[in-house]
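> The structure's right below; bear with me while I get my questions together.
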Amino acid sequence: MISSPYGRRVARHGDEGSVYSIKDSNYCVKIPHPNLTPVNYKKSFSLNITEKDKINHIKAHLGDGAVIMKKIDGATVLNQPEIAGELSHFPVSSFNKFLKQITHANNNGMLFDGINQNVIINPKNKSITAIDFINANGLYYSDLLPLRMMYGSLVNKEVKPENQKLIKNKIILAAVEEFKPGNKPCLDTSEFDFEDFLSVTNTENINDLNKNIKELSTLKDRELAGIDVKKELNSAYTKTKELLNK
């Protein structure tokens, strides 16, 4: 353990900084490193936070890059691969909230760093929370690949194949939920990486799924354009879910 004026070291000594728990609170502090110059954090304290700060769970700035953040309970697949077993039984709504977190960040110029240590899974409240977003600025990826990002952050070689499959299908179902009748998708329909994701994950029924999802996307675009396709869209939506639940 590394001592700190803010409390016990509870997280990681990563590329960007060290994270410490603030005793008797629901918060932690992240101090960037190397930090060679003493900083008067109390004097530099500021509650002036942006939407990008909120996306990274920042509650206050302390100066010199140090921040106070909300403490998020749970574990990562990297530290506890067995948690994927519980994750695979989370409701689709949990995965949909995770998808919306990633896409909301993207819509605000922030890109999710989709690796295992950047997602906290909490079996108690069935939550999946991304904790590390970076300023995109066109420097990292030209295209958002939300389904790949989700899967890459939730699965590794230690996760049992049966759990990998369940997680994969729930990720697809979470994205398909965005296309149900009357719903406004969290991304433009062209930004969902269905075809790429189905291919790289060797998904069963890939031809039927690709066909149904393309139809679903076309119908959703027509609905968004003001055309009444509710019956056809609901049929395509239902068929796609049935294929994934086989």
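The values are calculated or read from the model by the stated rules, or taken from the named source; none is laboratory data. Please read these numbers as outputs of a predicted model, since none were measured by experiment. Note that each Cβ is placed from the backbone with ideal geometry, even for glycine, and that neighbours are counted across all protein chains shown. Just the protein is used for accessible areas: all its heavy atoms, side chains included, with ligands, DNA and RNA removed. Shrake-Rupley method; radii C 1.70, N 1.55, O 1.52, S 1.80 Å.
> Which of rounded, prolate or oblate describes the stretch 74-219 when judged by the alpha-carbon gyration tensor and an a/c cut-off of 1.5?
oblate
> What accessible area per residue, rounded to a whole number of Å², is obtained for the stretch 112-239 using a probe radius of 1.4 Å?
52
> Quick one: accessible surface of residue 27, probe radius 1.4 Å, all protein chains present, in square angstrom to the nearest 10.
100
> What is the distance in Å between the Cα centroid of the stretch 197-228 and that of the stretch 56-114?
Here the answer is 27 Å between Cα centres.
> For the chain, modelled as a Gaussian network with Cα springs under 10 Å, which listed residue fluctuates most, 234, 56, 26?
So, out of 234, 56, 26, the one fluctuating most is 26.
> At what distance in nm do the modelled label points of residue 162 and residue 78 sit from each other, each positioned 7 Å from its Cα along Cα→Cβ?
2.9
> Under 10 Å, Cα contacts only: if you run a Gaussian network model on the chain, which one of 62, 209, 111 comes out with the highest mean-square fluctuation?
Comparing 62, 209, 111 in a Gaussian network model of the chain, the most mobile one is 62.
> Next up: I want to verify a result. In a Gaussian network model of the chain, Cα cutoff 10 Å, which of these has the top mean-square fluctuation: 206, 72, 227?
Among 206, 72, 227, the largest GNM mean-square fluctuation belongs to 227.
> Magnitude of the Cβ-charge dipole of the chain, K/R +1 and D/E -1, about the Cα centre, nearest 20 debye?
It comes to approximately 860 debye.
> Same structure, new question: In this model, which of 71/180; 126/241; 165/246; 54/160; 71/165; 54/157 are farther than 23 Å apart at the alpha-carbon?
71/180; 54/160; 71/165; 54/157
> Once a ≥ b ≥ c are taken as the square roots of the eigenvalues of the Cα gyration tensor of the stretch 152-235, is the result rounded (a/c under 1.5), prolate (a/b larger than b/c) or oblate (a/b not larger than b/c)?
prolate
> How far apart, in nm, are the 7 Å Cα→Cβ label points at residue 42 and residue 58?
Between residue 42 and residue 58, the label points sit 2.3 nm apart.
> With the full set of protein chains in place, find how many percent of the accessible area of the chain is carbon and sulfur; take the probe as 1.4 Å.
Reported share for carbon and sulfur atoms: 49 percent.
> With +1 on the Cβ of every Lys and Arg and -1 on the Cβ of every Asp and Glu, and nothing else charged, how large is the dipole of the stretch 90-184 about its Cα centre, in debye rounded to the nearest 20?
Magnitude of the dipole: close to 380 debye.
> May I ask for the net charge around residue 165, where only other residues with Cβ less than 12 Å from the Cβ of residue 165 are counted and Lys, Arg are +1 while Asp, Glu are -1?
Local net charge: +2.
> Follow-up. Please work out how much accessible surface residue 52 shows to a 1.4 Å probe, ignoring ligands, DNA and RNA, in Å² rounded to 10.
Answer for residue 52: close to 80 Å² accessible.
> May I pose another question? By the scheme Lys and Arg +1, Asp and Glu -1, what is the net charge of all other residues having a beta-carbon under 12 Å from that of residue 110?
-2
> Round to the nearest 10 and report in Å² the accessible area of residue 148, as given by a 1.4 Å probe over the protein chains' heavy atoms.
Taking all protein chains as shown, residue 148 has close to 100 Å².
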